[in-house]
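Down below is the structure, laid out as structure tokens.
The values are calculated or read from the model by the stated rules, or taken from the named source; none is laboratory data. Just so it is clear, the model here is predicted, and its values are computed rather than measured. Don't worry about glycine lacking a Cβ; one is built from the backbone with ideal geometry, like all the others, and counts go over all protein chains shown.
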Amino acid sequence: EAKEVYTELPFSYYTSKQENPESFGAIQKHLDNHEIQIGDRQPVWVNGTADLVIVGVDQRIHVIDFKSDSKYVDEMEVFGKELALKYEGQLLLYKYSMSQIFKVDLENISTDITSAIFRRSFSVCLH
């Protein structure tokens, strides 16, 4: 049961590796897809928007990211794995960001990618 539902939820915060190493790792993983490296001592400003955030009455949070990647793939499961690999860093970033916004432990936050192409969600196992 949902207590709150947010669409296009903006988030913004300042962090560094010394302050929050786990969040910083997620940030770097996301930037790796863009071949951008940030230094260990360099603080960063994180700014983004989560497509859909559902906060349950039990304070569990579910983040759903909508993707419209147009790459044609015959095999739906292969496409889901490709999405997971491509967007794992972004989903980790959402997870750490929501934990800061809602003051909830990471284990109480889950993420999914929803593909407009296949009209289904793909759960992503985050490391």
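Structure above, values below:
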read-out	value
Residue among Ile54, Ile27 that alone is modelled with pLDDT under 75 and either surrounded by 11 or more Cβ atoms within 10 Å (Cβ to Cβ) or outside any loop (DSSP other than H, G, I, E, B) (or both)	Ile27
Any chance Glu107 is at pLDDT below 90 and outside any strand (DSSP E or B)	no
Long-range neighbours under 6 Å by Cβ, at least six apart or interchain, first residue aromatic (Phe, Trp, Tyr) within the range 1-20, second loosely packed, with under 11 Cβ neighbours inside 10 Å	Tyr14/Trp45
